[in-house]
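Undergrad: Quick one: structure below, then a few questions.
The values are calculated or read from the model by the stated rules, or taken from the named source; none is laboratory data. Computed from a prediction, not measured in an experiment: that's the story for all the values here. Glycine also receives a Cβ, built like all others from the backbone with ideal geometry; neighbour counts cover every protein chain displayed. Heads up: the accessible areas ignore ligands, DNA and RNA and are worked out on the full protein's heavy atoms, side chains in. Shrake-Rupley method; radii C 1.70, N 1.55, O 1.52, S 1.80 Å.
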Amino acid sequence: MTTLLTNARLIDPEALTETAGSLLIENGQIAAIGDAPAPKGATTIDCRGKCLAPGIVDLGVKIGEPGERHKESFRSAALAAAAGGVTTIIARPDTNPAIDTPEVLEFVTRRAAEASPVRIRHMAALTKGREGREMTEIGFLLDAGAVAFTDCDHVVSDTKVLARALTYAKSLGALVMGHPQEPVLSAGAATTSGKFASLRGLPSVSPMAERIGFDRDMGLIEMTGAKYHFDQITTARALPPLERAKRNGFDVTAGTSIHHLTLNEFDVGDYRTFFKVKPPLRSEDDRVAAVEAVASGLIDIISSMHTPQDEESKRLPFEEAASGAVALETFLPAAMRLYHAGQLTLPQLFRAMALNPAKRLGLPQGRLAVGAPADLVLFDPDAPFVLDRFTLRSKSKNTPFDGQRMEGRVIGTWVDGIRVFGGEA
């Protein structure tokens, strides 16, 4: 299929530019950018001046298969992703059972391919059962298609086990993703420590737990030389050592979640459990510091950290409620808050949401370049709407943005040049 997208506002995260022009799709790839004429028989779509960008590569999505399909299936997650401009899902291994053997990885890879109109790639667990006691068969899992290794929010507290896993991962060139939290300090925490947490009487954790966890992991990275990604840097205290690590040449990158860039600790309000995420929402100073770190490139990647939870696990007292929020469909509109506030440009946002995660994982997506896969999102950054959580395509509806005024609507999504969401522009 040949498609010409004309009259588009092209968002290039590599060149960090916005330009008016056209884009030609042929055989699932970007064939030309600029003012290319329409080949004979091509389908022409007038983008009407709306934004055309690389599809989002979302690093760190929780899908409930296997074990919690009632919360999210591959099909429901993929439909939500397509509606949100996410063309590649990087799924987490925190399933039941965990994705810790080649057999389980092959099963979920096959199920995802059958059910999903968007790309789904999988990370595998770093230790068996994500229990932190014995590392998984990293080599076999790499051969089976794992793109990275992580125990997600189960921090490996046994330093010797983690050091061995990092050494082995280094020998195979595997990427390890870690959660920078000191596990004892952060156990049971529902909020970030401070006056607000004290007034609400909620168990809290100091921002230093993130810094301590970061410093521990950096020591092991320095010892082993492993390739490492910190999944969520959410506090200002962790930014100076991150900058030092990068300046000293370590192979480290860092991410943060869209919720930590657009919400703060006060949004918890009257114990609203849809705002309970992990790590907990931070102070406004921390939020602003994280946004500035994304703008400078110090924080490389923004993720949705999509974590579906059913009503039963959220309709509990705040301290007891499950952590996490769905975000595949709200990722782009939430990011537009940062654009409309003048804090991040559209190319900066797509550098962090598409280009950098694809580069870190060695994937060809995330670019507006001739020869790149035609994974694209067409969106109107200014389209206003009020979010109704019951219209979300995810099975679970636990979004902190329910009832909020938002801007930014996806008009069309393409994967491999095939339109998987939207009608005519």
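Undergrad: Between residue 402 and residue 288, what is the FRET efficiency for a Förster distance of 25 Å, r being their Cβ-Cβ separation, to the nearest 0.05?
TA: Details: r = 24 Å, r/R0 = 0.98.
So, using R0 = 25 Å, E works out to roughly 0.55.
Undergrad: Hey, another quick one. Could you give the distance between the Cα centres of segment 313-371 and segment 44-121, to the whole Å?
TA: So the separation of the two Cα centres works out to 14 Å.
Undergrad: So, one more: Mind ordering 228-234, 302-308, 416-422 by average Cβ neighbours within 10 Å, highest first? Intermediate results must be reported in sequence, preceding the final value.
TA: Numbers: 228-234: 25.6, 302-308: 28.7, 416-422: 18.9.
The most tightly packed comes first, giving 302-308, 228-234, 416-422.
Undergrad: Now a separate question. Which of rounded, prolate, oblate describes segment 70-193, given a ≥ b ≥ c as roots of the alpha-carbon gyration tensor eigenvalues and a/c under 1.5 marking rounded, otherwise prolate only if a/b is larger than b/c? Before the final figure, lay out the partial values.
TA: Values: a/c = 2.14, a/b = 1.30, b/c = 1.65.
Oblate shape, in that a/c is at least 1.5 and b/c is the bigger or equal ratio.
Undergrad: Calculate how steeply helix 159-172 sits against the longest principal axis of the alpha-carbon atoms of the chain, using the helix alpha-carbon long axis, and give the answer as 0 to 90 degrees to the nearest 10.
TA: With both axes taken from Cα atoms, the answer is about 30 degrees.
Undergrad: If you count, for each residue, the other Cβ atoms within 10 Å and average over each peptide, how do 198-207, 171-180 line up from highest to lowest?
TA: Details: 198-207: 15.8, 171-180: 20.3.
Those peptides, ordered most packed to least, come out 171-180, 198-207.
Undergrad: Moving on. Once fully extended, how much extra length lies between residue 341 and residue 36, figured as 0.36 nm per residue of separation less the alpha-carbon to alpha-carbon distance?
TA: Roughly 106.4 nm would be gained on extension.
Undergrad: Just the Cα atoms of segment 238-340, one point each, no solvent: what log10 I(q)/I(0) does Debye give at q = 0.15 Å⁻¹?
TA: -0.67
Undergrad: Quick one: of the DSSP bridges fully inside segment 19-141, what percent are antiparallel, nearest 5? Don't skip to the end; give the middle numbers.
TA: Values: 6 of 15 bridges.
Looking only at bridges with both residues in segment 19-141, the antiparallel portion is about 40 percent.
Undergrad: For the chain, what is the Kirkwood estimate of the hydrodynamic radius, computed as the reciprocal of the mean inverse distance between distinct Cα atoms, to one decimal in Å? Mind dumping the intermediate values first?
TA: Working: mean 1/r = 0.0463 Å⁻¹.
About 21.6 Å, per the Kirkwood formula over Cα pairs.
Undergrad: Under Stokes-Einstein, with the Kirkwood radius over Cα pairs standing in for Rh, what whole-number D in µm²/s applies to segment 187-306 at 37 °C and 0.692 mPa s? Show your work: numbers first, answer last.
TA: Numbers: Rh = 14.8 Å.
Value of D from the Cα-based Kirkwood radius: 222 µm²/s.
Undergrad: Taking only DSSP H segments of four or more residues, each worth -39500 (n - 2.57), what value at 222 nm results for the chain once the sum is divided by all its residues, to the nearest 500 deg cm²/dmol? It would help to have the intermediate numbers written out before the result.
TA: Values: 14 runs with 122 residues, N = 425.
Computed mean residue ellipticity for the chain: -8000 deg cm²/dmol.
Undergrad: Shifting gears a bit: Using a 1.4 angstrom probe, figure out how much accessible area the chain has per residue, in square angstrom, rounded to the nearest whole.
TA: On the way: 16150 Å² over 425 residues.
Each residue of the chain exposes 38 Å² on average to a 1.4 Å probe.
Undergrad: Please find the FRET efficiency linking residue 199 to residue 96, where r is the Cβ-Cβ separation and R0 is fixed at 35 Å, and quote it to the nearest 0.05. Present the calculation step by step, with values, prior to reporting the outcome.
TA: Values: r = 37 Å, r/R0 = 1.05.
For R0 = 35 Å, the calculated efficiency reads 0.45.
Undergrad: So how do 312-321, 6-15 stack up, highest first, on mean other-Cβ count within 10 Å? Walk me through the intermediate numbers first.
TA: Values: 312-321: 14.1, 6-15: 19.7.
Top of the packing list down: 6-15, 312-321.
Undergrad: If I fit a long axis through the Cα atoms of helix 331-340 and take the longest principal axis of the Cα atoms of the chain, what angle between them do I get, 0 to 90°, rounded to 10?
TA: That works out to roughly 80 degrees.
Undergrad: Let me ask something else about it. With an 8 Å Cα cut-off and a minimum separation of 6 or more residues, compute the relative contact order for segment 206-267 in percent. Don't skip to the answer; put the middle values down first.
TA: Numbers: 47 pairs, mean separation 22.5, N = 62.
Here the relative contact order equals 36 percent.
Undergrad: Next question, about the same structure. Separation between the residue 320 and residue 106 pseudo-spin-labels, each 7 Å from Cα along Cα→Cβ, expressed in nm?
TA: 4.3
Undergrad: Please report Rg over Rh for segment 169-257, where both radii come from the alpha carbon positions and Rh follows the Kirkwood definition.
TA: Values: Rg = 14.5 Å, Rh = 13.9 Å.
Radius of gyration relative to Kirkwood radius: 1.05.
Undergrad: For segment 157-228 and segment 268-308, what is the separation of their C-alpha centers, rounded to whole Å?
TA: 16
Undergrad: Subtracting the Cα-Cα distance from 0.36 nm times the residue separation, let me have the gained length for residue 114 to residue 1 in nm, one decimal.
TA: Values: separation 113, 0.36 × 113 = 40.68 nm, distance 2.18 nm.
Gain in length upon complete extension: 38.5 nm.
Undergrad: Next question, about the same structure. Only bridges whose two residues both fall in the chain count here: according to DSSP, what percent of them are antiparallel, nearest 5?
TA: Working: 31 of 61 bridges.
Roughly 50 percent of the beta bridges in the chain run antiparallel, per DSSP.
Undergrad: If I model a spin label at residue 46 and residue 14 as a point 7 Å from the Cα along the Cα→Cβ vector, what separation in nanometres do I get?
TA: Going by the 7 Å Cα→Cβ label model, 3.1 nm.
Undergrad: OK, next. Leaving ligands, DNA and RNA out of it, report the carbon-plus-sulfur percent of the accessible area of the chain at a 1.4 Å probe.
TA: Details: 7960 of 16150 Å².
C and S fraction of accessible area: 49 percent.
Undergrad: Mind listing the phi-derived Karplus ³J(HN,Hα) values for segment 42-52, rounded to whole Hz, using 6.51, -1.76 and 1.60 with θ = phi - 60°, and x for any glycine or proline?
TA: 6, 7, 10, 10, 7, 7, 6, x, 7, 7, 10
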